[in-house]
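This report refers to the structure that appears directly beneath it.
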Amino acid sequence: MKNGIWGNEEVKDLFSSIEKLKDEGKPLRKAFMEHARKYNRQPNSVRNYYYHEIDNLEQDTPRLKKLGIDLEKHKKNSIQYFTKEEEEKLMGKIDDLVKGGYSVRKACLTLSNGDINQMLRYQNKYRNFKAEAQPMKKDNIIKFTKKKDKITDGELQALFMGLVRLVKRSAAEEINDQVKDTMNRASQELRKTIVALNNKEKEYRELKESFIKIKEENAKLVKDMFKLKCDKAGKLRQKYQELEAVKNN
């Protein structure tokens, strides 16, 4: 590994490890963590690269064949629906984080371990859950609260904390969008670099083959030239012997 670039051997190692864990019925998270330790990477980065690379390989048949990866063993999981128990447990965790100052988005992102797709799934589920939990007004009766002369310290503190959470949420969403945009640009640049390297490798092979061919042709010419010189020397020697014989007679 150099400067974060994934080499072919590392990619094959990751996919091979995941295939082995799938056969053993173990979670993919273990493969991401083991690979991260082995190659000094972050587990989230390994997971994101894996799913992104699946999309890339689906569009790049030559590279897929070169790596020898069977994409049938790496199909993305279909949507899994929450059980009632799982839903209530997840909603409780999100509520606890929100009460601690997290925005819903950040809470969902934390619980999904940085997986954007999973984060969106949690976020949508939470908002739907909250919408369904809103109490219905009975008999269309609207209750009016008594107007207060002043805001209490508790209400002022709650208002302040709400503003803090709002600022944090806005900042977090902005940062997440920036990170996502940066990752997309980096992925595109990496893709271009890999394609360029493959082209250079192909050029190098063609030049090497041409060099070997020229070298073989040159050796053949040297051999033919040496043979011609030998033939010419033989003929000169024969002619000289004939002249000597005539002279002696």
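The values are calculated or read from the model by the stated rules, or taken from the named source; none is laboratory data. Please read these numbers as outputs of a predicted model, since none were measured by experiment. No Cβ is skipped: glycine too gets one built from the backbone with ideal geometry, and neighbour counts run over all protein chains shown. SASA here: full protein model, heavy atoms, side chains in, ligands and nucleic acids out. Shrake-Rupley method; radii C 1.70, N 1.55, O 1.52, S 1.80 Å.
Matching residues to (1) closer than 30 Å to Pro62 by Cα; (2) basic (Lys, Arg); (3) open to solvent by 100 Å² or more (accessible area, probe 1.4 Å); (4) at pLDDT 85 or above:
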{"residue": "Asn198", "(1), (2), (3), (4)": "yes, no, no, no"}
{"residue": "Glu203", "(1), (2), (3), (4)": "yes, no, no, no"}
{"residue": "Glu206", "(1), (2), (3), (4)": "yes, no, no, yes"}
{"residue": "Lys213", "(1), (2), (3), (4)": "yes, yes, yes, yes"}
{"residue": "Lys223", "(1), (2), (3), (4)": "no, yes, yes, yes"}
{"residue": "Lys227", "(1), (2), (3), (4)": "no, yes, yes, yes"}
{"residue": "Gly234", "(1), (2), (3), (4)": "no, no, no, no"}
{"residue": "Glu244", "(1), (2), (3), (4)": "no, no, no, no"}
Among Leu207, Leu190, which is in contact (Cβ under 8 Å) with a residue 40 or more places away in the chain, within 25 Å of Lys66 (Cα to Cα) and of a type in the set (A, V, I, L, M, F, W, C)? Leu190
Taking the residues in region 4-18 that are surrounded by 14 or more Cβ atoms within 10 Å (Cβ to Cβ) and of a type in the set (Asp, Glu) as candidates, determine which candidate is nearest to the chain's Cα centre (by Cα). Glu10
Restricting region 110-166 to residues that are of a type in the set (Lys, Arg) and surrounded by fewer than 11 Cβ atoms within 10 Å (Cβ to Cβ), the residue that is modelled with the highest pLDDT: Lys150
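Suppose we filter region 68-77 for residues that are surrounded by 15 or more Cβ atoms within 10 Å (Cβ to Cβ) and modelled with pLDDT of 90 or more; how many remain?
1
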If Gln80 meets every condition in (1) surrounded by 10 or more Cβ atoms within 10 Å (Cβ to Cβ); (2) outside any helix (DSSP H, G or I); (3) at pLDDT below 90 apart from one, which number is that one? (1)
Considering (1) of a type outside the set (Phe, Trp, Tyr); (2) without any contact (Cβ under 8 Å) to a residue 12 or more places away in the chain; (3) open to solvent by less than 50 Å² (accessible area, probe 1.4 Å); (4) part of a loop (DSSP other than H, G, I, E, B), say which one Leu21 fails and leave the rest. (4)
Based on what the data block shows, is Ile175 surrounded by 10 or more Cβ atoms within 10 Å (Cβ to Cβ), modelled with pLDDT under 80 and in a loop (DSSP other than H, G, I, E, B)? no
Suppose we keep only residues that are surrounded by fewer than 15 Cβ atoms within 10 Å (Cβ to Cβ) and part of a helix (DSSP H, G or I) within region 88-104. Which one would you say is modelled with the lowest pLDDT? Glu88
